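Working notes, structure below.
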Amino acid sequence: MSLPAVGFPRARAVPPALARAAAPFDIALRWARDGDRPALLALYATTRAEELAAQPWPEATRAQFVAQQYDLQHRHFVAHYADAEFLVLVRGPEVVGRLYVDRSARAPRDLVVDILLAPAWRGAGIGGALLRAVLADAAARGREVELHVLAWNLGARRLYERLGFHVADAGSPHVLMRWAAPSTVS
């Protein structure tokens, strides 16, 4: 069963600090568009590959499952974070990642809704550079930043801890991590 498509919110300008953070890696950021769905679905599929390899399903069933999970996640993000910046990282025509950040004033903290890089781009410092730009912006506005990470994603957790995030709620399967700007620490 396929769900009707849900588009991205109206495009806005890419925050200059994020564009500057990506530039040394020869990566540009732009607002996500509905036509990016195939690339974003393929990117999302990389996060489920190991888990699905253990399933005795035919490839078509795996692909359908991943597509449904991506659609559900996308619907959730758009419904719950409609004011977020839905950015894709591109190198030339290739989508190499996504960064969704909700900085809306109606929320008590900024939220990194999602950060995801294609496997070939992980570990190169791109995620850290982008997150440092997000944190610098939050610090300038006196805001904390939160994100969720899968409990077993130890590489991402180590990165977040190096950036100053701490575990705020060790739920399962997702861990809530929080970063407080030096001026907001009590």
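Numerical summary
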item: Positions within segment 43-62 being hydrophobic (A, V, I, L, M, F, W, C), part of a helix (DSSP H, G or I), free of Cβ contacts under 8 Å to residues at least 12 places away in the same chain and surrounded by 11 or more Cβ atoms within 10 Å (Cβ to Cβ), in sequence order; result: A49
item: Residue match in segment 15-28 (condition: under 24 Å from W152 (Cα atoms) and either within 17 Å of the chain's Cα centre (by Cα) or not hydrophobic (A, V, I, L, M, F, W, C) (or both)); result: no
item: Matching strands (runs of 3 or more DSSP E) fully within segment 69-186 where at least 3 residues are farther than 18 Å from P38 by Cα, touching a residue at least 24 places away in the same chain (Cβ under 8 Å) and in contact with an Asp or Glu (Cβ under 8 Å, 6 or more places away or on another chain); result: 110-117, 174-179
item: Number of positions in segment 1-42 that are in a loop (DSSP other than H, G, I, E, B) and free of Cβ contacts under 8 Å to residues at least 24 places away in the same chain; result: 4
item: Test: residue in segment 74-83 that is over 29 Å from D137 (Cα atoms), surrounded by 12 or more Cβ atoms within 10 Å (Cβ to Cβ) and not basic (K, R); result: no
item: Residue that is farthest from H74 (Cα to Cα) [pool: residues in segment 1-42 that are basic (K, R) and open to solvent by 60 Å² or more (accessible area, probe 1.4 Å)]; result: R20
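The values are calculated or read from the model by the stated rules, or taken from the named source; none is laboratory data. Every value quoted in this text rests on a predicted model; they were computed, and no experiment measured them. Note: ideal-geometry Cβ built from the backbone for every residue, glycine included; neighbour counts use all protein chains shown. Please note that ligands, DNA and RNA were not included when accessible areas were found on the heavy atoms of the full protein model with its side chains. Shrake-Rupley method; radii C 1.70, N 1.55, O 1.52, S 1.80 Å.
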